[in-house]
Amino acid sequence: MATFVIRKGRAKPLWFGHPWVYSEAVERVDGGVLPGDAVRVVDHDGRFIGMGFANPRSQIRVRIVSRRDEPLDETWLRRQLTEARDLRARLGLPSRENTAYRLANSEGDSLPGLIVDVYGDAACIQFSTFAMKQRETSIFDALEELLHPKTIYEVAAGGFAQVEGFASSARVVRGDPRPRIACKENGFDLVIEPLAGQKTGYFLDQRENRVLVEKLAHGCRVLDLYCYAGGFSMAAQRGGAKSVVAVDVSARALERAREHFGQNGLGELETVESDVFRYLEQAPAGAFDLVICDPPKFARARKDLPSALKGYRRLNALAMQACAPSAIMCTASCSQLVSADELERVLSGAAQDAHRRVQLVSLSYQASDHVLPLAFPEGRYLKFVVLRVL
């Protein structure tokens, strides 16, 4: 087994619990190493830091998964998945109201590059590291034993697979090859399409934020921007909204949102198929009492950050102009590279551009089943800011 020796002065984040060893922090590697190998990590003085999985192809050379000097074998892998399942059980998942939840959250469950989302009687998996993909058979076996799912799906990893050096495609791995799965979130009946939807089929990270929107919606004229399958729109409607307008550029997403409204007895949903920027540029000023803005990721790489921040500022300024006096605006960023502080600065600039004043009501992150290491700010990719717009 190879040992990665960390440069003097570069081990402090690792000692505090950060799981990533960057290439520039490595002084030398004692022994040969191949992508996906289990390796030891020690500091400049030879003190043991942890065990992890290596990939010489990546700028993240090692992802630490254990602070014990132990074999990262099949027994270890099953233990991690079992502990992940047991933690969700302590969080009340699954439940009568929620049969859709995240079982494994990558670094948060010491399984870097492994996402497992459960939708009813199905498990949807996304691999984004070579090490986890290399161990896929053991992962599938463990999930069958722990969950007894009727179907296991793999969803494509996109650019992560290319960077890490493996092939990835959307497919049915085991079980019944169903295109659609029934499940529940916050008591709503949902139909998920794992092989055709965004992420693993739905945005489970917003579950608790949708509960908040439901509480805020009573009597409001609601605008749901980037509505996707209608999660926020349903929450607002059940919360007693006066009206709901859902906007998305995808006709298929709007069709699914309308289906979900009908399936849950919420009546008809007013939908607008449009680019959100174009819609807001023509929207009547001050027409909405509650605006939800949940855009896709604007910054996928650090080089994208300046343009992403400009995009968020423009988008939120337009959304604020659509707000009635004292309206509530819920706005999100799922870009990992945009910190909460940066987003708040962007929102302050957007308020200035829109000639509005804003008050911060709350700031939240992804749902509680998306657990994270405390010393891993990179994992707090979702920021959900609630503002009062004056």
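What follows draws every value from the coordinates through simple rules; no lab data is involved. Note that the structure is a prediction, hence the values are computed from the model and not measured. All Cβ positions, even for glycine, are placed from backbone atoms using ideal geometry, and neighbour counts span all protein chains on display.
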If one compares the long axis through the Cα atoms of helix 251-263 with the longest principal axis of the Cα atoms of the chain, the angle in degrees, nearest 10, works out at 80
What is the mean projected area of the alpha carbon convex hull for segment 299-390, to one decimal in square nanometres? 6.0
Mind pulling the angle between the C-alpha long axis of helix 136-147 and the longest principal axis of the chain? Nearest 10 degrees, somewhere in 0 to 90. 60
In which sequence would Lys133, Lys8 go, from the one with the fewest C-beta neighbours within 10 Å to the one with the most? Lys8, Lys133
Cβ density ranking, 10 Å radius, fewest first, applied to Ile60, Ile328, Ile6 yields Ile60, Ile328, Ile6
From fewest to most C-beta neighbours within 10 Å, the residues Cys124, Cys323 line up as Cys323, Cys124
Report the net charge of residues surrounding Glu27, where surrounding means a beta-carbon distance below 13 angstrom and charges are Lys +1, Arg +1, Asp -1, Glu -1. +1
Give the angle, between 0 and 90 degrees and rounded to the nearest 10, that separates the Cα long axis of helix 74-90 from the longest principal axis of the Cα atoms of the chain. 30
Out of [x] 20.8, 73; [y] 22.1, 67; [z] 20.7, 66, which label holds the value of Rg and Dmax of the Cα atoms in Å that was computed here? [y]
Placing +1 on the Cβ of each Lys and Arg and -1 on the Cβ of each Asp and Glu in the chain, which of Leu146, Ala283, Ala131 has its Cα farthest towards the positive end of the resulting dipole? Ala283
Fluctuation leader among Arg135, Arg207, Arg278 - the chain, Gaussian network, Cα springs under 10 angstrom: Arg278
If you plug each phi of segment 160-177 into the Karplus form 6.51 cos²θ - 1.76 cosθ + 1.60 with θ = phi - 60°, what whole-Hz ³J(HN,Hα) values come out, in order, with x for Gly and Pro? 4, 4, 5, 4, 7, x, 9, 8, 9, 8, 7, 6, 8, 8, 8, x, 5, x
Under 1.5 on a/c is rounded, so check that first for segment 170-242, then, if it is not, pick prolate when a/b is larger than b/c and oblate when it is not; a ≥ b ≥ c are the square roots of the alpha carbon gyration tensor eigenvalues. prolate
Distance from the Cα centre of segment 31-107 to that of segment 217-285, in angstrom? 39
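Looking at the chain, identify the longest residue range that excludes and avoids all GluC sites (Glu not before Pro) in DSSP loops having at most 13 other Cβ atoms within 10 Å. The partial results should precede the final answer.
Values: sites that count: Glu97, Glu268.
My reading of the result: 98-267 is the longest stretch.
Classify segment 163-298 as rounded, prolate or oblate from the Cα gyration tensor: take a ≥ b ≥ c as the square roots of its eigenvalues, call it rounded if a/c is under 1.5, otherwise prolate when a/b beats b/c and oblate if not.
Prolate is the answer for segment 163-298, as a/c is 1.5 or above and a/b outweighs b/c.
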Report, in whole Å, the centroid distance computed from the Cα atoms of segment 351-390 and segment 145-194. 28
Which order do the peptides 175-183, 217-225, 345-353 take when ranked by the mean count of other beta-carbon atoms within 10 Å per residue, highest first? 217-225, 345-353, 175-183
About its Cα centre, what dipole magnitude does the chain give when the only charges are +1 on Lys and Arg Cβ and -1 on Asp and Glu Cβ, stated in debye to the nearest 20? 800
